[in-house]
Each structure stands twice: as C-alpha cells, then as structure tokens.
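Every number in this text was worked out from the coordinates using simple rules, so none of it is lab data. Predicted, not measured: the structure shown is a model, and the values here were computed from it. Every residue, glycine as well, gets a Cβ built from its backbone with ideal geometry; the counts of neighbours run over all protein chains shown.
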C-alpha cells in the first residue's frame with residue numbers, strides 16, 4: 001500500500017479525478033490474516049470492490065495493481081462486468097499463469113520495465129498476445145520491477161491511458 005509504485009499509480013488516478021482506495025492484502029503490513037497464495041487475496045480485492053461501489057454508487061470502477069497485486073487483480077476481476085478498465089504494472093507473468101485475464105473485454109494497460117526480473121518482456125508479450133482487445137502494452141526501457149528511476153514515466157503512462165479511455169457514458 002505504501003510502495004512507491006502503488007503510490008505513483010494511485011496519484012495518477014487521483015490527479016485524474018478518481019476516488020482512490022489503496023489497501024494491503026491479508027498478512028501485509030498491519031492487516032490481519034495470513035498470506036493465502038493469491039486465493040484469499042482475491043477475496044480481499046472483491047471486498048474492496050464492494051466497499052467502493054457501496055460508497056460511490058454509479059461511478060466507473062477502474063482497478064490497478066502492481067506485482068502480486070496485478071496478478072491478483074487479473075485473476076479476480078477480469079470477468080467482473082462492473083470493472084471499466086484494468087491497469088497492471090510489473091505483472092509477474094514469469095511466475096504466475098494468469099489465464100483468467102484472457103477472457104476480459106475491459107480495456108487493459110500493461111506496464112512493465114524492460115529489466116523486470118519477475119516478468120520478462122518476452123513472457124509479457126506472449127501473455128499480452130492472448131488478451132482480448134482493447135489492450136495496450138507499455139514497456140519502459142531501463143526500468144526494473146520497481147521502476148527505479150522511471151516512476152515519472154510510469155505515472156505518465158497511467159495518466160495517458162486514463163485520458164485516452166472513453167467513458168462508457170460518453
């Protein structure tokens with residue numbers, strides 16, 4: 001939740017006028033529970049979705065995740081018709097199979113550093129090729145998994161995606 005990548009993505013959404021919720025999965029930071037290998041964490045995300053939709057009924061729901069959070073998001077929310085768009089940064093495609101994401105028809109932005117040790121560009125391109133349109137892939141040259149020295153580029157990529165994606169009510 002306090003990771004600099006998560007913060008930068010949240011800031012891009014906030015600057016674009018979104019209400020933003022950042023949260024830790026079970027067993028992370030001061031949250032209760034224990035790590036559940038991505039299964040229980042999907043329930044955590046679903047609870048966060050319910051919270052936001054109850055608090056802000058009728059708004060567009062966009063989801064973003066970083067690293068393990070991106071993997072959880074792509075597994076849990078790809079088939080959720082309430083989700084307008086998905087932003088996945090530093091997706092660990094070299095570690096996890098994310099076949100659930102292949103059925104998503106929501107607009108998707110995948111952002112990866114060219115030097116990401118958990119998701120090689122080659123693995124990401126293979127994964128990306130299996131995703132349905134609309135989709136966008138952004139590789140940030142020279143960036144590692146944590147986008148060290150490239151956080152501005154990460155934030156700009158998210159902001160551009162948000163600005164370019166038409167609202168379903170437009």
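Is it true that residue 90 is crowded, with 19+ Cβ neighbours inside 10 Å, farther than 22 Å from residue 53 by Cα and free of Cβ contacts under 8 Å to residues at least 60 places away in the same chain? Here the answer is no, as residue 90 does not meet what is asked. Do you know which residues across the range 1-24 are without any contact (Cβ under 8 Å) to a residue 40 or more places away in the chain and under 20 Å from residue 160 (Cβ atoms)? Correct list: 7, 14, 17, 20. The set of residues from the range 119-139 being more than 22 Å from residue 163 (Cα to Cα), touching a helix residue (DSSP H, G or I) at 6+ places or on another chain (Cβ under 9 Å) and in a loop (DSSP other than H, G, I, E, B) comprises 119, 130. Residues that are crowded, with 16+ Cβ neighbours inside 10 Å and touching a strand residue (DSSP E or B) at 6+ places or on another chain (Cβ under 7 Å): does the range 93-102 have at least one? Within the range 93-102 (the criterion being crowded, with 16+ Cβ neighbours inside 10 Å and touching a strand residue (DSSP E or B) at 6+ places or on another chain (Cβ under 7 Å)), the answer is no, since none of the residues qualifies. As a summary of the residue check, residue 145 satisfies the conditions (1) part of a helix (DSSP H, G or I); (2) out of contact with any helix residue (DSSP H, G or I) (no Cβ under 8 Å at 6 or more places or on another chain) except for the one numbered (1).
The single residue among 79, 116 that is outside any helix (DSSP H, G or I) and surrounded by 22 or more Cβ atoms within 10 Å (Cβ to Cβ) turns out to be 116.
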